[in-house]
Amino acid sequence: MPAQIIQTNNTPFNKIAIDPVTLDIIENALRNARIEMDATLVRTAMSPGIREQGDAFPLIADHTGKMIVGQFGSFIGGFLDNFEGTLEDGDMIFLSDPYSCAGAVSHSNDWLVLLPVFKDGRLIAFTSMFGHQSDIGGKVVGSMPINARSIFEEGVRIPPVKIWKKGEYNDDLMKLVMHQTRKPDWCQADLNALIASCRVAARRVIEMATRFGDDVYISATQELLARNHRAMKSLIAMAIGEEPVSFEDYICDDGMGAGPYKIKCTMWREGEKVVLDFAGTDPQSQASINFLLNENMFKMFFGIYMIMVFDPQILFNDGFYDLIDVRIPDGSLLKPKFPAALSGRTHALGRIFDILGGLLGQKTPEFLNAAGFSSSPHVFYSGNDKKGDWFQLFQIGFGGIPGRPMGDGPDGHSLWPGFTNVPNEFLERYFPLLIERYETEPDSGGAGLHRGGNGIHMTYRFLAAGTISIHDDRWFVPPWGVNGGEPGKRARKILEKADGTSQIIGNKVEDVHVEEGDQLHFITWGGGGWGDALDRDPALVGKEIVQGLVTVEGAKAYGVIANANGVVDADATETLRGQLRQERGELPLFNYGPGIETLRANCETETGLNAPVQPVWTTLEAAE
């Protein structure tokens, strides 16, 4: 039974023609309201993940629940269809359980707040925001156990409930929820920040409707949706053909010794609609790397990618959703069955963007991006400091962004454009550690006409005994290059003990004990390269040697001979490039590096780690 909207004024909105100036003013006011949501959040949240890194996502929707501004796309239509209750002025919804909202939030650490906005007795908008909580209970610190076999091991699960009801705050509910977390002070402050952000946006919407009139405001939101629909319709016709194209990529492992896990998508156009079919994706994992992919969320991912590649001036919103048909097999890695664990879904989330790049570029290689979004590296560190006080750190790391048609991939950048790093000064002030190194990892970006972005080499020196956990990927299957570009280098993690010994540790490990003085070298993957590396300007390669982005030895991948001062030997470079061109074959559209079985055979030698074994599913699971 769908949600019942309680309005004291049921007068329908009148559709009004909107002039371009008014539409532009309302559009930019909505943009600013979204920015103000972010600003409110970072000023009132406490956890480093939200306050310092911005791991939270705002949304302003129209009166039917379609996103007008935001990032992940709206879940509100699906929520309204399935919420068995009422929504009225003074209510606010709170939830975190992915299975209760079809994956609108993709793991239980993401707490979501939804505020219906009423004006003069009529529903005129929704505002919403969700953010990653640093701890929600569960079996491990940070609530993201790699080895979880079900969502019940991952902390408190909150179904859609009213945190505010007719203007009354549900204090008992909050006491119950905060009792489950190891950091109730952070969680309470972060939740209050989500609430405040939604209320700020609601005020701005009401101000706009008051200034222009309710009918004008509602008509403007509908025109923004319609404009986006027209733009996306043109982009789809231009960039996507009727002949199916497929692409597949892999999550390296599940943290429990099995892998890689395949994600496959096939794309084609039927009339004015595009179909994206994930048939052929592996069945769900027994571990926590499953990703409950909400279809509307993926439609937004697709739209963002299309817009950013082909026409970045377009304001993306939910207006184009009826142009996209997303098909995800039940029981697969991207639509696991309850109660499958979900806390490690970030690797699949990142890999989706690599797959979109591989799909969209096959018809138009000049717009093709290499691989490199790939994952969102996490590090956890917890224990008691020398005063006996409890501490716990959750930090998101960055890898190399792929080489692109318009230039090099950024070095050590976030998968999400709005994310920032946690300042080293903040880490050293509030946690018992020192940052000994924070720099680019030279040569990690794939060679190409446009170089893939380098990964990051970050070294933590621990000043108190404790435990660390790591979530990362791209350590086994490298990020591929395109249009002749080379793959990026893979991630690796090294634990250097205080006694001088060191060991290579996995990229998905839980509860590793560290002592005072130990150092963790956290090295992330680089992005794949774009285009023929032998066409790159030798002087630019020499400059990057001086900058520490490329080594003297690494310059040879570009056919460049230079010294440590970046001085290029032009004659030797010309000779080397001629030899390399003569020796190589035809440059591939996609350069994946060695095949999976070759990677398995060479894994221990190349990475110092045992190769993951092929996942095994029952006949029933594989059939589904």
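Table for the structure above
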| item | result |
| --- | --- |
| Student exercise, the stretch 289-390 dipole from Lys, Arg, Asp, Glu Cβ charges, in Debye to nearest 20 | 380 debye |
| Under-5 Å amide H pairs with R437, H placed in peptide plane, nonlocal only | T459 |
| Rounded to whole Hz, the Karplus (6.51, -1.76, 1.60) HN-Hα couplings of the stretch 584-597, x for glycine and proline | 7, x, 5, 6, x, 5, 10, 10, 8, x, x, x, 4, 5 |
| Nonlocal amide H pairs with L59, under 5 Å, H built at 1.01 Å | S128 |
| Cα-Cα over 27 Å, subset of K166/K299; K166/K335; K139/K175; K489/K543 | K166/K299; K166/K335 |
| The stretch 33-55 and the stretch 235-296: distance between their alpha carbon centers, rounded to Å | 32 Å |
| Kirkwood-type radius of the stretch 195-278, with distances r between different C-alpha atoms, in Å | 17.2 Å |
| Long-range tail of P(r) for the chain (Cα pairs > 32 Å, %) | 50 percent |
| Whole-percent carbon and sulfur share, accessible surface of the stretch 373-501, 1.4 Å | 50 percent |
| Backbone HN-Hα couplings from phi across the stretch 503-511 [Karplus 6.51/-1.76/1.60, Hz, Gly and Pro as x] | 9, 7, 10, x, 8, 9, 9, 10, 6 |
| 5 angstrom amide H check on S332, placed H, neighbours 5+ away | Q284 |
| Accessible area (Å², per residue) of the chain, counting only protein heavy atoms and a probe of 1.4 Å | 38 Å² |
| The stretch 256-401, Rg to Rh (Cα coordinates; Rh as Kirkwood inverse mean 1/r) | 1.05 |
| Derived scalar couplings ³J(HN,Hα) [the stretch 432-444; Karplus, 6.51 cos²θ - 1.76 cosθ + 1.60; whole Hz; x for Gly, Pro] | x, 7, 10, 9, 7, 8, 8, 8, 5, 9, x, 6, 7 |
| CD proxy at 222 nm, helix term only [per DSSP H run n ≥ 4: -39500 (n - 2.57); per residue of the chain; nearest 500] | -9000 deg cm²/dmol |
| Euclidean distance between Cα centres, the stretch 111-164 to the stretch 484-563, Å | 37 Å |
| Percent accessible area from carbon and sulfur atoms, the stretch 231-329, protein chains only, probe 1.4 Å | 47 percent |
| Share of carbon and sulfur in the accessible heavy-atom surface of the stretch 83-183 [1.4 Å probe, %] | 49 percent |
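The values are calculated or read from the model by the stated rules, or taken from the named source; none is laboratory data. Since the structure is predicted, the reported quantities are computational estimates derived from the model, not experimental observations. Methodologically, a virtual Cβ is constructed for each residue, glycine included, from the backbone with ideal geometry; neighbour enumeration extends over all protein chains shown. Quick note on the areas: whole protein, heavy atoms, side chains included, nothing else; ligands and nucleic acids left out. Shrake-Rupley method; radii C 1.70, N 1.55, O 1.52, S 1.80 Å.
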